[in-house]
Amino acid sequence: MRLNTKTLVFFAAIMTLLIVVVTALSAWSFRRFSLYMAERHTVSVAEAVKIGLTEAMINGTIDKRLEFLERLKNMPGVAGIHVVRGPAVIQQFGAGFPMEQIKTEEEARVVERARPVFSLADRDGDMVFRGIVPYIATEDGHPNCRQCHQVAPGIALGAVTIDISLSEVRGQAVTAVVLVSLAVLTAVLLSLLWLRRVIRPVTETAVAVRGVAAAAATGDFRGRIAHASSDEVGEIAVHLNRLMGFLEKEVGTIQDRVAELMGHQRSCGGNQLAATTEMVDALVEAAKFKQAIEEDRYKSDIYGRLAGILREKFEFQRFTVYEVAASKNRMVPVVVDCNADAPCHYCDPQILTDADACRAKRTGHAVDGVGLPGICTMFRSAVEGDTHICQPIVLSGTAGCIVQMVIGRDEGPLAQMMMPFLSVYLRETAPVLEAKRLMDSLRENALRDAMTGLYNRRFLEEYVETLMAGVERRKGVFSILMLDFDYFKQVNDTYGHEAGDKVLKALAEILSRSVRSSDMVVRYGGEEFLVILIDTDADHAMQVAEKIRGEVAGTKVTLPTAVLQKTISIGVAQYPADADTFWQVVKFADVALYEAKRTGRNRVVRFETGMWQEDAEY
């Protein structure tokens, strides 16, 4: 039952009860009033009879008392008068007329007790009020009863029975009760109409709120509530509309931003809030995946995790991960259906020796065989109706890996829906995989410092192009730390070069464990080191640098003849905030290092424009 109906039914029941109570009280009150007035009328008529009979006895006209009584019967409302003699009067004057004899027990009781009796009686179908009033002897007044009757005061000389008709009174009472009831009923109906008018905006607003809330629960925040009043109900509608407008705007903004992060266009249908939550969950899971693969040591570990995601999370049972060889024109299947180093199953073997034959590798774009059947001529499948989707992993601006999913006839639409989510994982995999591949390449070319095990300057010169290509493609940032021991020459001069080498190795160990696996630590030359913090702004770089500085200051290097405890100075610069080329950022980090040395050493200094002087030597 709706609120409006329940409210009206409730108040209608209350009003009905009110009408019944008012009608009953009115009827009872009129009855009490009618009986009271009938009693007073009876007493008045009885008093008139008493006075008339007394005057008749004094004036000697008592024998004409019957005519007097007949005239009294014509009084309005009087239905009958009956006078009876008491024993004292009968003893003194005789029994009188026959109609003056006691006829009922009530008359006998009234004469005996000298107290009036009032009652309701039915007289020939007419309701009458009957009062039997005693005629009591008294000495008061002039004339008085003792002048004619030889009785003691307080003795009932007789009684007068008066019948008062209630028909007219009852008719008037019924009319009055009906009029009162109609008046109350009219007031009740008007009240209900007014109440219905007052409640209607509340119920309409409640229905509208229910509809808007139901739509919001499905992710649709476009609902609004119409309002025509300026009272509290109208204010509720205004504030709720404002809330819905805010949610629509902010949730839409969040959806756009998340869709942008996932690299696909936001859909307009369905539960947008649930879709956004799903995309955010995917981003969180992808971030956790990236954190996991950053800690993997080898590329094979990363490929294994990626294969696990394809099978367990996205439920692809048939897939291949290809790695583009360093020659840029060869491809190697590194994972096939979760099996490492398995032979090529789903493509023409030609792509293994001619990578450009692979459309995804050649274009660097996804190849959707579901939407465009036959788009890739290299695809091979033993099951009729199978198709495929290939997603490239872009490394250094070109396709460095290809992930191929083989899809059954009825699985295509679902696979297409999952591609934006898979793309997030592939995008997170790219920089980590790029770093791992580059490290492998460096290991092959012996680009490490023999003493410290860190990358050397030659590595840095070859890595710059790859680094800048990846950062520019992602529109990312990186920071450079330039580090140098304070008074390092004194170590070599005092304790020898072996001691100096031991101090340098200790610093190399501190740097390696203080940064992430995706960052780069380079021995730049002599006692000078360089750290590249990927996707790190200057503020966070300062925190890392301060951590390194503090750990170096607290490190003790034990020598055969002494225990050394050295300090280090660090300069910090950021790309592209400080400079738009890699080597200029390195130069500015070196300038900041020089400033740290100049201002007291054992400190971290962030590069500022005022530090750079064109004619200065650094």
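In terms of its C-alpha gyration tensor, region 467-523 has a prolate overall shape, because the principal axis ratio a/c (a ≥ b ≥ c, square roots of the eigenvalues) is not below 1.5 and a/b outweighs b/c. Sparse packing (at most 13 other Cβ atoms within 10 Å of the Cβ) combined with a DSSP loop state is found for the following trypsin sites (Lys or Arg not before Pro) in region 183-243: Arg222. Basic side chains Lys and Arg get +1 at the Cβ, acidic Asp and Glu get -1 at the Cβ, and with that the dipole of region 139-227 about its Cα centre reaches some 940 debye. Beyond 18 Å, the tail of the calculated P(r) for region 521-618 holds 49 percent of the Cα pairs.
Extents of region 410-462, taken as max minus min of Cα coordinates on every principal axis and listed largest first, are 58, 17, 15 Å. Residue pairs exceeding 24 angstrom between C-alpha atoms, taken from Lys475/Lys505; Lys505/Lys547; Lys290/Lys313: Lys475/Lys505. Considering only Ile81, Leu18, Ala577, the residue lying farthest towards the positive end of the dipole of the chain is Ile81, judged by Cα position with unit charges set on Cβ. With the convex hull drawn around the C-alpha atoms of region 482-563, the volume per residue stands at 86 Å³. Per-residue 3J(HN,Hα) values for region 470-487, derived from phi via the Karplus relation 6.51 cos²θ - 1.76 cosθ + 1.60 with θ = phi - 60°, read x, 5, 5, 5, 7, 6, x, 9, 8, 10, 10, 10, 10, 10, 8, 5, 7, 6 Hz in sequence order (x marks Gly and Pro). Note on Arg513 and Arg409: their simple-model spin labels are 6.1 nm apart, each label 7 Å out from Cα toward Cβ. In this structure, the residue pairs whose Cα-Cα separation is over 18 Å, taken from Lys502/Lys556; Lys502/Lys597; Lys502/Lys566, are Lys502/Lys597. As a ratio to 2.2 N^0.38 Å, the alpha-carbon radius of gyration computed for the chain takes the value 2.26.
Principal axis extents of the Cα atoms in region 9-150, from largest to smallest and rounded to whole angstrom, are 75, 34, 28. Close amide-amide hydrogen proximity is noted between Ile136 and Leu157, each under 5 Å apart and 5 or more residues distant or on a separate chain (H modeled in the peptide plane; Pro and chain starts excluded). Annotation: amide H-H contacts under 5 Å for Val83 (H modelled 1.01 Å from N, sequence separation of 5 or more, or interchain): Thr161.
Please work out, to two decimal places, the log10 of the ratio I(q)/I(0) at q = 0.16, 0.19 Å⁻¹ from a Debye calculation in which every Cα of region 148-306 carries one identical scatterer. So the normalised log intensities are -1.02, -1.15. Residue order by solvent-accessible surface for His149, His345 is His345, His149, largest first, with ligands and nucleic acids left out and a 1.4 Å probe. Of the GluC sites (Glu not before Pro) found in region 314-397, those in coil by DSSP whose Cβ has at most 15 other Cβ atoms within 10 Å are Glu315, Glu384.
Both the radius of gyration and Dmax for region 367-519 are 23.4, 79 Å, in that order, over alpha-carbon atoms.
Surface composition of the chain: carbon and sulfur make up 55 percent of the accessible area, probe 1.4 Å.
Rounded to two decimal places and with Rh computed the Kirkwood way over Cα pairs, what is Rg over Rh for region 367-439?
Working: Rg = 13.8 Å, Rh = 13.3 Å.
Rg/Rh: 1.03.
Listed by chain and number, the lysines whose C-alpha is less than 30 Å from the C-alpha of Lys103, apart from same-chain residues fewer than 8 away, are Lys50, Lys64, Lys73. Projected onto its three principal axes, the C-alpha set of region 157-210 covers 86, 19, 10 Å, listed from the longest axis down.
Tell me the trypsin sites (Lys or Arg not before Pro) within region 441-502 that lie in a loop according to DSSP and have at most 16 other beta-carbon atoms within 10 Å. Walk me through the numbers on the way to the answer.
Numbers: sites: Arg443, Arg448, Arg457, Arg458, Arg473, Arg474, Lys475, Lys489, Lys502; in loops: Lys475.
Those that pass, being in a loop and sparsely packed, are Lys475.
Per residue, the solvent-accessible area of the chain (1.4 Å probe, heavy atoms of protein chains only, all protein chains present) comes to 54 Å².
Relative to the longest principal axis of the Cα atoms of the chain, helix 272-294 runs at roughly 30 degrees.
Distance from the C-alpha centroid of region 155-201 to that of region 497-534: 107 Å, rounded to the whole angstrom.
Please report the orientation-averaged projected area of region 310-361, defined via the convex hull of its C-alpha atoms, in nm². Here the figure is 3.7 nm², rounded to one decimal.
Counting alpha carbon pairs within less than 8 Å and at least 6 residues apart, what relative contact order, in whole percent, applies to region 506-618?
This gives 20 percent for region 506-618.
For region 26-77, the ratio of Cα radius of gyration to the globular rule of thumb 2.2 N^0.38 Å stands at 1.52.
Region 69-138 and region 358-393 have Cα centres lying 125 Å from one another.
The values are calculated or read from the model by the stated rules, or taken from the named source; none is laboratory data. Computed from a predicted model, the values in this text were never measured in an experiment. With ideal geometry, Cβ positions are generated from the backbone for all residues, glycine too; neighbour counts draw on all protein chains shown. These area figures cover heavy atoms from the full protein model, side chains too; ligands, DNA and RNA do not enter into them. Shrake-Rupley method; radii C 1.70, N 1.55, O 1.52, S 1.80 Å.
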